[in-house]
Every structure is written in structure tokens, then in C-alpha cells.
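Scroll down for the structure; my scribbles are underneath it.
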Amino acid sequence: MEDYVRGANELIKLSKAESSQLFDILSAPTDTDQSVNRENQANALRVDSATLSDRARDLDVPDELSDANDYFVEALDLRRDGLAEVADQLPGALAQEERRNSTGRIAEMMQVFLASDVLLTARYLPQLEEALKQEEVEADVPTVEQLRFVEEIDWVSADFVADQIAGIRGTDGGSATPGLHGNGLGTVALGGVALTPGGSATVPLTGDIAFDVQVLNQGDSTETDVQVQLTVGQGGDALDLEDTIPEIAAGEQKAVTIPLTDQPPTGQNVPITVRVKPVPGEEVTDNNEAEFTVIFTR
């Protein structure tokens with residue numbers, strides 16, 4: 001049992017190192033010339049993680065620890081699969097075109113890594129400790145922190161992942177291209193009814209009702225990953241919605257359709273705020289946001 005724990009701990013240490021390498025690849029500042037380097041590093045992690053899974057299967061497992069080891073192997077398999085998918089999607093996420101789907105898939109893999117953490121901390125570790133206790137064996141069991149792959153919970157957010165990858169592409173706040181940057185909020189409609197800033201409108205509440213928001217690029221450069229955010233209602237009952245326009249060229253206007261996912265109250269004034277999140281380098285944001293009032297009817 002002591003030999004098993006030592007062997008498993010070595011694999012845990014190596015997996016923890018892979019975690020550090022992965023998040024360095026996804027978040028450290030870079031320039032375009034280094035993108036291929038990051039792709040190569042991600043592919044190397046793919047190979048290394050597959051080796052760890054194989055080594056976990058080769059451990060000499062005492063009968064008392066067989067259940068714990070099943071969770072251990074499954075967790076490393078999840079990490080292997082997640083790292084392989086990140087390596088597959090990273091070239092697309094770093095590309096100048098068609099990158100939204102790839103970024104979304106990388107964000108989904110954060111949930112896979114989080115699932116591996118749950119297996120190790122909530123299943124593997126308790127069963128390991130219980131078996132060692134029953135057999136009165138003293139061994140250097142890992143801590144919860146040592147078992148975690150996802151150290152910062154922010155990485156589970158798709159928006160956070162998208163921001164980090166935008167930074168890798170050189171589109172973060174510190175790397176905006178020279179020139180004028182800025183988007184403006186255009187027309188807003190809800191269920192086909194045009195909304196007027198500061199005014200009130202009556203909108204029939206249907207099952208497939210959605211906002212149609214126009215955004216105009218008023219700057220000199222193409223803007224990417226432009227986020228449109230909506231708040232329906234106020235206080236603790238407010239509904240927050242958002243969607244992203246992958247790319248808007250200078251002078252171009254694009255629309256985004258955002259479904260109203262929950263049913264707001266009817267027969268009363270419901271405040272609605274629509275906001276275009278400022279892009280890197282945007283200094284004037286007076287026309288990024290507008291407030292509306294809607295009375296929903298059935």
C-alpha cells in the first residue's frame with residue numbers, strides 16, 4: 001500500500017505540472033510569432049498526459065485500494081482527453097477567422113478538468129485515507145490542493161477563457177492596435193417591437209421572443225469578440241443575458257439575436273439595459289449603453 005501511494009503521488013505531481021503548463025499556454029502574454037510554439041507545447045502535453053494514464057494502469061494496486069484506484073485512473077483519463085481536445089482546438093482558437101467554436105470547445109474542457117478534480121478530491125482521496133486507516137498503514141497522502149488541476153475557478157467561465165485566448169492573440173487591453181477603437185449601440189428590438197431609449201413599449205410575451213441588437217463599429221480597426229450584454233429587470237430577480245459577435249470590420253454594422261430565456265412579469269414596467277462591452281483601446285463609451293422600459297403582455 002505504501003508503494004502504491006508513492007507511485008500514485010509521483011503521477012499526481014506530474015499531472016499538477018501539466019496543469020501549470022496548460023494555463024501558462026492559455027494565458028501568458030505572447031505575440032503572433034509565438035502561436036506555433038504554444039500549439040507545439042499543447043501537443044506535447046497531449047502526449048505526456050496519455051503516458052500518465054498508461055502509467056496509472058500499470059500501478060501495482062493492492063486489493064484494499066482497488067476502488068480508489070478506479071477513480072484515480074478515471075480522473076487521469078479525463079485530463080488526458082481534455083488536454084487532447086485543447087491541443088486540437090488551440091490552432092483554431094488562435095486563428096484570425098472562425099475561432100469562436102474552437103474557443104468554446106476549450107472552455108468546455110475546463111469542465112472536464114473540474115470533473116477530474118471532483119473525482120480525486122471527493123472520491124479517490126477519501127477512499128485512500130479510509131483504506132490506509134483500516135489497515136493501519138501510514139503513508140504520505142496527497143493534499144486537496146495537490147490533487148487539483150483547476151487552481152483558479154475563473155477558468156470554468158467561458159467568458160474568462162475567451163478573454164484569455166483573446167489576450168494570446170494580442171487582442172487584450174494591453175495590445176490594442178493603433179488608431180481609433182469603439183463600437184456604438186444601434187437599434188434594439190424585442191419580439192419585433194422597436195425599443196426607444198428612455199421610452200416605454202408594450203411587447204407581447206411569446207415562447208420564442210428574442211432581442212435583436214444592432215452594433216456599429218465606429219473605429220478604424222476590425223474588432224473581435226464583441227460582447228453584447230442585457231439586463232432584464234432589477235435587483236436580485238434581474239435576468240442577465242449576453243452573446244458575442246465574433247468580428248466586426250471598421251464601419252460595419254452587425255446584429256446579434258439574444259433569446260429571452262426566462263419569463264419576466266407581465267402588466268408592469270420592466271427596466272431593460274442593453275450594453276456593448278468596450279473593446280481594447282476604446283476611450284469613449286457614452287454610446288455603448290441604453291436603458292428601456294417594457295410592459296409585457298400575454
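Yes/no per residue for (1) over 20 Å from THR285 (Cα atoms); (2) in a strand (DSSP E or B):
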{"site": "THR202", "(1), (2)": "yes, yes"}
{"site": "ASP220", "(1), (2)": "no, no"}
{"site": "THR224", "(1), (2)": "no, yes"}
{"site": "GLU242", "(1), (2)": "no, yes"}
{"site": "ILE245", "(1), (2)": "no, yes"}
{"site": "GLY251", "(1), (2)": "no, no"}
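Report yes if some residue within region 98-117 is under 27 Å from the mean Cα position of the chain (by Cα), over 28 Å from THR244 (Cα atoms), surrounded by 17 or more Cβ atoms within 10 Å (Cβ to Cβ) and in contact (Cβ under 8 Å) with a residue 60 or more places away in the chain; otherwise report no. Scanning region 98-117 turns up no residue that is under 27 Å from the mean Cα position of the chain (by Cα), over 28 Å from THR244 (Cα atoms), surrounded by 17 or more Cβ atoms within 10 Å (Cβ to Cβ) and in contact (Cβ under 8 Å) with a residue 60 or more places away in the chain. GLU283 meets each of the listed conditions (1) of a type outside the set (S, T, N, Q); (2) outside any strand (DSSP E or B); (3) in contact with a strand residue (DSSP E or B) (Cβ under 9 Å, 6 or more places away or on another chain) apart from (3).
The residues in region 232-247 that are surrounded by fewer than 15 Cβ atoms within 10 Å (Cβ to Cβ) and among the polar types (S, T, N, Q) can be counted, and the count is 1.
Of everything in region 263-277 that is surrounded by 18 or more Cβ atoms within 10 Å (Cβ to Cβ) and not hydrophobic (A, V, I, L, M, F, W, C), the residue that is nearest to GLN218 (Cα to Cα) is ARG275.
Selection of first residues in region 63-78 that are closer than 19 Å to LEU14 by Cα and of second residues that are of a type in the set (Lys, Arg), restricted to Cβ pairs under 7 Å at least 6 apart or on distinct chains, gives the following pairs, ordered by first then second residue: TYR71/ARG123; VAL73/ARG57.
If you check SER20, SER53, SER15 for being free of Cβ contacts under 8 Å to residues at least 12 places away in the same chain and not in a loop (DSSP other than H, G, I, E, B), only one passes: SER20. Reported count of residues in region 175-203, each being more than 23 Å from SER102 (Cβ to Cβ) and at pLDDT below 75, is 2. Among (1) among the polar types (S, T, N, Q); (2) modelled with pLDDT under 95; (3) farther than 21 Å from LEU22 by Cα, where does GLN164 come up short? The failed condition is (3). Regarding region 65-72, can at least one residue be identified that is touching a strand residue (DSSP E or B) at 6+ places or on another chain (Cβ under 9 Å) and either at pLDDT 95 or above or outside any helix (DSSP H, G or I) (or both)? Among the residues of region 65-72, not one is touching a strand residue (DSSP E or B) at 6+ places or on another chain (Cβ under 9 Å) and either at pLDDT 95 or above or outside any helix (DSSP H, G or I) (or both), which makes the answer no.
When LEU90, LEU125 are screened for being more than 30 Å from ILE165 (Cβ to Cβ) and buried (at least 18 other Cβ atoms within 10 Å of the Cβ), only LEU125 passes.
The values are calculated or read from the model by the stated rules, or taken from the named source; none is laboratory data. These figures come from a predicted structure and were not determined experimentally. Virtual Cβ from ideal backbone geometry, glycine too; neighbours counted across all protein chains shown.
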